[in-house]
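Pasting a structure here, questions to come.
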Amino acid sequence: MRTILFITALFMSTLLSAQKPVEIPLWPNGAPNTNGLTGDQEDLNGGRVANVVNPTITVYRPAKPNGMTILMCPGGGYARLAMNHEGHDMASWFNTQGITYAVLKYR
């Protein structure tokens, strides 16, 4: 029982020590060669987004970085992006490995 509690506490401390994600706009003053999309971004069911007007990179930094970074570009292409299950949901696992993880929200 002590072993299980120790492992659980160790795992939770690793998760809690990770930093909060930072969202960085790719084009703070507007994207060059705009694609003409206007209006608001659409947040669809299941963490999918469509009509991305302001592309960003969200960076998840681990508590103890090992010098490696993964840049995830969620699938879906021009129509929609699967931001959660092909993006943000994997950040905690990579962070526990010491890997900095970034998710690209693109147009």
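The values are calculated or read from the model by the stated rules, or taken from the named source; none is laboratory data. Nothing here was measured: the structure is a model prediction, and the numbers come from that model. Using ideal geometry, Cβ is built from the backbone for each residue, glycine included, and neighbour counts are taken over all protein chains shown.
Okay, residues lined up against (1) within 23 Å of Asn54 (Cβ to Cβ); (2) within 10 Å of the chain's Cα centre (by Cα):
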{"site": "Met68", "(1), (2)": "no, no"}
{"site": "Pro74", "(1), (2)": "yes, yes"}
{"site": "Leu81", "(1), (2)": "yes, no"}
{"site": "Asp89", "(1), (2)": "yes, yes"}
{"site": "Asn95", "(1), (2)": "no, no"}
{"site": "Gly98", "(1), (2)": "no, no"}
{"site": "Tyr101", "(1), (2)": "yes, yes"}
{"site": "Tyr106", "(1), (2)": "yes, no"}
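Okay, moving on. Scan region 26-41 for residues that are modelled with pLDDT of 80 or more and loosely packed, with under 12 Cβ neighbours inside 10 Å and report the count. Please lay out each step first, then the result.
Restricting attention to region 26-41, the residues satisfying the condition of being modelled with pLDDT of 80 or more are 26-29.
From the residues that got through so far, the ones that are loosely packed, with under 12 Cβ neighbours inside 10 Å too are 28-29.
Qualifying residue count, region 26-41: 2.
Suppose we filter region 70-87 for residues that are out of contact with any Pro (no Cβ under 8 Å at 6 or more places or on another chain), surrounded by 13 or more Cβ atoms within 10 Å (Cβ to Cβ) and closer than 16 Å to Glu23 by Cβ; how many remain?
4
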